Amino acid sequence: MFKNLHYRLGERLLGLGSISKRLLVLITDYLILTFCFWASLSIRMNSLYLPTIETNLLILCGPAIAMPIFYLLGLYRSLIAYSNYSTQLTIMVAVSTYTLLWFIIVLSAGVVEKPYDFLIINWLLTSFSIGGIRYFARWLLRIKAPTFSNVVIYGAGSSGVQLNAAMKNSPEVKVVAFLDDNPKLQGLYIEDLKIQKPSSLSRLIERKEVSE
């Protein structure tokens, strides 16, 4: 079931528009920054930190400082699929700048007394998390899917369903549609595959590069 999950996930990411990709990165960064701040406090205090209303607001507003810095340093303009050493260096500079500003705010607010170790913990967690998620995304986007042939199954009955189930375990073929003469079945779906008219075969060959 999970054999080609990373290929499919990579294809989904590649299929997103530029605005959707950027929005996904922004949301991911926001969640990571919020979690890293909370995790840093928990590690610093050797217990799960339960925020008060004031500190909760402080934690949730943290990304409001980091994300403009990330934007100004170009983290949201670079292509994740081509991230390299210079990208990682930019992340380190961005996180260092954010951590320093956030350290000043935390010190002023008195959330943590003498928060020097908190500063180091937060810097390490944020650097590894922000950099790690980008390298994970790059890995997904740069993976080449295995070579396979697109095929259609003629007949949407029980034998066709069984054949589709068997082909799912094969890395050499990918079922893209069902063909059936029965008008009552045409337009319905078996899992996510549409049952189409046999006359649709020529269109499928052209659009889906069907070989069998």
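Just so it is clear, none of the values below were taken in a lab; they were calculated from the coordinates. Just so it is clear, the model here is predicted, and its values are computed rather than measured. Don't worry about glycine lacking a Cβ; one is built from the backbone with ideal geometry, like all the others, and counts go over all protein chains shown.
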ask   = In what sequence, highest mean first, do 30-42, 61-73 appear when ranked by Cβ atoms within 10 angstrom?
value = 30-42, 61-73
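Using the count of nearby Cβ atoms within 10 Å as a rough guide to exposure, how do Ser96, Ser127, Ser158 rank from fewest to most?
Ser158, Ser96, Ser127
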remark   = Relative contact order as a percentage, region 149-207, C-alpha pairs under 8 Å and 6+ apart, gives 31 percent
inquiry  = On a full-extension model of 0.36 nm per residue, what is the gain between Ile19 and Leu201, subtracting their alpha-carbon distance, rounded to one decimal in nm?
reply    = 62.0 nm
note = Between Val173 and residues 5 or more places away or on another chain, the pairs with built amide H atoms under 5 Å apart involve Ser149
Region 149-207, dipole about Cα centre (Lys/Arg Cβ +1, Asp/Glu Cβ -1), debye to the nearest 20 = 120 debye
inquiry  = Please rank Arg44, Arg77, fewest neighbouring Cβ atoms within 10 Å first, as an exposure proxy.
reply    = Arg77, Arg44
ask   = Out of residues 5 or more away from Leu179 or on other chains, whose amide H comes under 5 Å of its own, with H placed 1.01 Å from N in the peptide plane?
value = Ile153, Tyr154, Gly155, Gln196
